[in-house]
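Undergrad: Sharing a structure below in structure tokens format, with a few things to ask.
Bear in mind that the values in this text are calculations on the coordinates, not laboratory data. These numbers were taken from a predicted model, which means no experiment stands behind them. So basically every Cβ, Gly included, is an ideal-geometry build from the backbone, and we count neighbours across all protein chains shown.
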Amino acid sequence: MPPPFVGAALLLGAGGRHEALLAELGRHGVAAEVAAPGRLWTPSVPARPCAFLRQVLPEAMELRAPSISAWAEQLSLHLDLPDGAPWRLHVYAESEVEAPFRSGARAAHTARRRDGGPARSGSSPGPTAAWSHRAALIREALLGVLKARRRHLLRALSDTEAAWTDSESLVQLLLVAPDQGYLSITRAPAPAQIAAWLSVLPAGIAVPAEDPRPPSRAYTKLIEAERRFGRRISPGDVGVDLGASPGGWSFVALQRGAQVIAVDRSPLVPELMAHPGLQFVKGDAFSWRPPREVDWLWCDVIAAPERTLALLVDWLQAGWARHFVVTLKLRGEMDLPVLDQVVERLGGLAAPWWMCQLSANKGEVCLFGSRRLAPAASRSAEPGEGHVGPL
Ligand SMILES: C[S@@+](CC[C@H](N)C(=O)[O-])C[C@H]1O[C@@H](n2cnc3c(N)ncnc32)[C@H](O)[C@@H]1O
């Protein structure tokens, strides 16, 4: 289906689905048309944060090519980029890995821990696996064409997941059939509104980590949040893990060399309780206060989302943590208004910050970012303010 609006943006919904994103856009009066399951057309990129938005393809144009070499030729002809400036290339097939990964990943993790067996991939080949392979071949073929004819472009190609810089362009090809796709070129400097929504991950999908050692699969959420944030927990950081048991997030932080204060009503697994870098506090996450400012607030407590948001706001207003990763547990569509409250309340308190459903999230949304250096609780929140960088 060709774009229904001039200069339309193609939006990819979280989890390979579009329903939640459509509902979110609808709440804010943004026109959207379903392009196909998991994909929406909008007249332009949304002006406000959307938790269920995975990736944006601004000004997407439909392309067709019968073979891999024809794809490479066509793409090379369309690559009109600033000379010598860095650019990234994301070539991917529709709903590559996300949907297959979800089924049974948690059970598989538990079984691996029990068996002590080797890590198996949590994903199985989905119906589009062949197209994913084709996407990889198209990318390779394009690089071959550039090597032969446009070496200066190839030299400027950067292969990184780091946060966007103003000087970088992004070229995306979404393959929706072997001979059909959408090309989107975001030239540097991307307007802030667009840069705010571009994921550094192809298709905005994080292939979840696979490690049998952490005591719960929840650890994948913290690792993914770090990647999307573009900030990794560093050796020597001090962090508070609220709702820490059995210890997946604490495990990740300790692995990074951080010191962890773990707060929960229940203890963590014995290996972590005995870890010299971990201090366990048996208590209530909502009333516990840190002894001093810490580098990180991590919070994965199961609670009503309004309550968790209020906790985060308290921490930011008080200046207790510099950075945060917080899970909001949603109870379905009825909780969409809470996401509006997130935008209103975090706008003045955090920058940059993000709200998104992670690939590793199910009925949850993750908030992550940094406290504004000069806390400005009284400043009026502007929708989208502070959203600079990738999702
Ligand atoms: C989803 S689990 C956390 C999993 C953890 N992030 C991990 O990686 O293993 C939620 C935890 O929140 C704890 N919890 C729920 N309400 C709490 C409260 N008011 N105070 C402290 N802990 C709480 C539960 O005991 C439970 O261990």
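Undergrad: Under the rule of at least 5 residues apart or a separate chain, name every residue whose amide H is placed under 5 Å from the amide H of Ser216.
TA: When sequence neighbours closer than 5 places are left aside, the close amide H contacts are Gly248.
Undergrad: While we're here: Taking the Cβ-Cβ separation of Glu293 and His28 as r and a Förster radius of 30 Å, what is the calculated FRET efficiency to the nearest 0.05?
TA: Efficiency, from the Cβ-Cβ distance: 0.30.
Undergrad: Order of 152-162, 222-232, 306-316 by packing, highest average Cβ count within 10 Å first?
TA: My ranking of the peptides, most packed first, is 222-232, 306-316, 152-162.
Undergrad: Taking amide H atoms as placed 1.01 Å from N in the peptide plane, list the residues 5 or more away in sequence, or in a different chain, whose amide H sits under 5 Å from that of His18.
TA: Here Gly38 satisfy the definition.
Undergrad: Out of Gln279, Leu25, Leu57, whose Cα points farthest toward the positive end of the dipole of the chain (charges: +1 Lys, Arg; -1 Asp, Glu; placed on Cβ)?
TA: Gln279
Undergrad: How big is the chain by the Kirkwood estimate over distinct Cα pairs, in Å?
TA: About 21.9 Å for the chain.
Undergrad: Which residue, Gln341, Phe251, Gln357, has the largest displacement toward the positive end of the dipole of segment 219-371 when charges sit on each Cβ (Lys, Arg +1; Asp, Glu -1)?
TA: Farthest towards the positive end: Phe251.
Undergrad: Hey, which lysines would be in cross-link range of Lys329, C-alpha to C-alpha under 23 Å, not counting anything within fewer than 8 residues on its own chain?
TA: Answer for Lys329, where 23 Å is the Cα cut-off: Lys221, Lys282, Lys362, listed by chain and number.
Undergrad: Related question: Determine the gain in length on full extension of the stretch His78-Ala163; use 0.36 nm per residue of separation and subtract their C-alpha separation, reporting nm with one decimal.
TA: Details: separation 85, 0.36 × 85 = 30.60 nm, distance 2.50 nm.
Length gained, His78 through Ala163: 28.1 nm.
Undergrad: So what's the back-of-envelope 222 nm ellipticity for the chain, counting only DSSP H runs of four-plus at -39500 (n - 2.57) apiece and dividing by all residues, rounded to 500?
TA: -8500 deg cm²/dmol
Undergrad: Quick one: if the Förster radius is 30 Å, what FRET efficiency do Leu154 and Phe5 give, using the C-beta to C-beta distance and rounding to 0.05?
TA: Plugging the Cβ-Cβ distance into 1/(1 + (r/R0)^6) gives 0.35.
Undergrad: Let me ask another. With charges only on Cβ, +1 for K and R and -1 for D and E, what is the dipole size of the chain about its Cα centre, in debye, rounded to 20?
TA: Dipole of the chain, to the nearest 20 debye: 720 debye.
Undergrad: Same structure, new question: What does the extension gain come out to for Ala177 and Leu336, with contour length at 0.36 nm per residue minus their alpha carbon separation?
TA: The span from Ala177 to Leu336 would gain 53.9 nm if fully extended.
Undergrad: Fully extended, how many nm does the chain gain between Glu62 and Glu140 (0.36 nm per residue separation, minus their Cα-Cα distance)?
TA: Result: 26.0 nm gained on full extension.
Undergrad: Please compute the alpha carbon radius of gyration of segment 198-319, then divide it by the globular-protein estimate 2.2 N^0.38 Å. Two decimals is fine. The partial results should precede the final answer.
TA: Numbers: Rg = 14.3 Å, N = 122, 2.2 N^0.38 = 13.7 Å.
Dividing the Cα radius of gyration by 2.2 N^0.38 Å gives 1.05.
Undergrad: Using modelled backbone amide H atoms (1.01 Å from N, in-plane), which distant-in-sequence or interchain residues come within less than 5 Å of Ala196's amide H?
TA: Gly389
Undergrad: In whole Hz and in residue order, list the ³J(HN,Hα) couplings for segment 46-57 that follow from phi through the Karplus curve 6.51 cos²θ - 1.76 cosθ + 1.60, θ = phi - 60°; x for Gly and Pro.
TA: 3J(HN,Hα) across segment 46-57, in whole Hz: x, 8, 9, x, 10, 5, 9, 9, 9, 7, 10, 10.
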